[in-house]
1. How high is the relative contact order of chain B, in percent, counting Cα pairs under 8 Å that sit 6 or more residues apart?
2. Got a sec? Charge dipole of the protein assembly as shown, +1 on Cβ for Lys and Arg, -1 for Asp and Glu; which of B:Q53, A:Q152, A:V82 is way out at the positive end?
3. Work out the count of Lys pairs in chain A where the Cα-Cα distance is under 13 Å, with the pair 8 or more places apart or on different chains.
4. For a Förster distance of 22 Å, can you work out the FRET efficiency between the beta-carbons of A:K132 and A:E66, rounded to the nearest 0.05?
5. Mind listing the Cα extents of the stretch B:26-107 along all three principal axes, in Å, largest one first?
6. Would you mind computing, in nm to one decimal, how far apart the modelled labels at B:C28 and A:L122 are, each placed 7 Å from Cα along Cα→Cβ?
7. May I ask you to compute the full-extension gain from B:I99 to B:D11, defined as 0.36 nm times their residue separation minus their alpha-carbon distance, rounded to one decimal in nm?
8. Using the C-alpha gyration tensor of the stretch A:39-154, what are the square roots of 5 times its eigenvalues, in whole angstrom, with the largest one first?
Amino acid sequence: MINKICQKTMYRSRINLFCDYNHIISESIPIKVMVCPKLLLKQRFLPPDFDDSKRIKIILTLFNYEYQNFEKLCLSHSLEGVPYTYLLISGNNEFSIDKGVLNIKIDYLPSLSTKSFILDILINGSGKFISKLVLKECINCNPEIIRVCECQQII
Amino acid sequence: MTEANQIATADALTLYCRLNHGNHNYYCGNVIEFTVDIVNNSPQPVYNLIYHQAFPDIVKPDDNTQFSVVTSSGKIIYKEECVIIAIAEIKANDTVRIIIKGRIDDL
């Protein structure tokens, strides 16, 4: 039995119809809700350097607001809209870059804790871009998305 | 929006309900919209109806106080924790449509 972080839970809305005070119809409507824990993502762009505006820094933060530890998480980051290169990833976690997507491995996230990573990125172009951050959990090596956070910036 | 499901029949009345997510699958923060049709199949009018819909705790009013409710007939009596509508009459072979909008609470 695999315990997934996000659980699909069934709820019901009940409809009753009365005619002349007589109860004539009673039915329930099923509603399935994917309930995820309070693992929140934030991104913050740091002001660009005066001498090199193509070099941007982004602080990624993961907040665990639950009284529960989490294991085998993966934080993926990518930019959409401009070509880019990761220059430096600060933080103690293992990471890999696959087809332009940065994957940071989080083996253990304690309850009520945060983790932050600072990305140093060289932008090879200009215009509007989207910084996309996705938190996934790994179940039998199949990633399942828990949260997504997107931010837009112009360079 | 998918085809409405007939969910119940009593005497001359049939109740249909459909959700804005046809597969009934939602994530926290999603808008949920119930479209309910009460159909009078008979050649006689039906009088004095009370419609009552209760919601699970996870379904909240869109603005946190009241559900958004639109009805083609009748009077909305209450729309906070539940929705109550009084319908004086549904004419022969006529339909009353009720649209209720809420939100899946972000836990």
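Any read-out appearing in this document is the output of simple, stated calculations on the displayed coordinates, not a laboratory observation. All figures in this text were calculated on a predicted structure; none of them were measured in a lab. Cβ sites come from the backbone with ideal geometry, for glycine too, and all protein chains shown count toward neighbours.
1. The normalised contact order for chain B reaches 32 percent.
2. Final value for the positive-end residue is A:V82.
3. Summing the qualifying lysine pairs gives 10.
4. FRET efficiency, A:K132 to A:E66: 0.40.
5. Between the extreme Cα coordinates on each principal axis of the stretch B:26-107 lie 47, 22, 17 Å.
6. According to this spin-label approximation, the distance is 4.0 nm.
7. 29.4 nm
8. The three semi-axes for the stretch A:39-154 are 26, 15, 12 Å.
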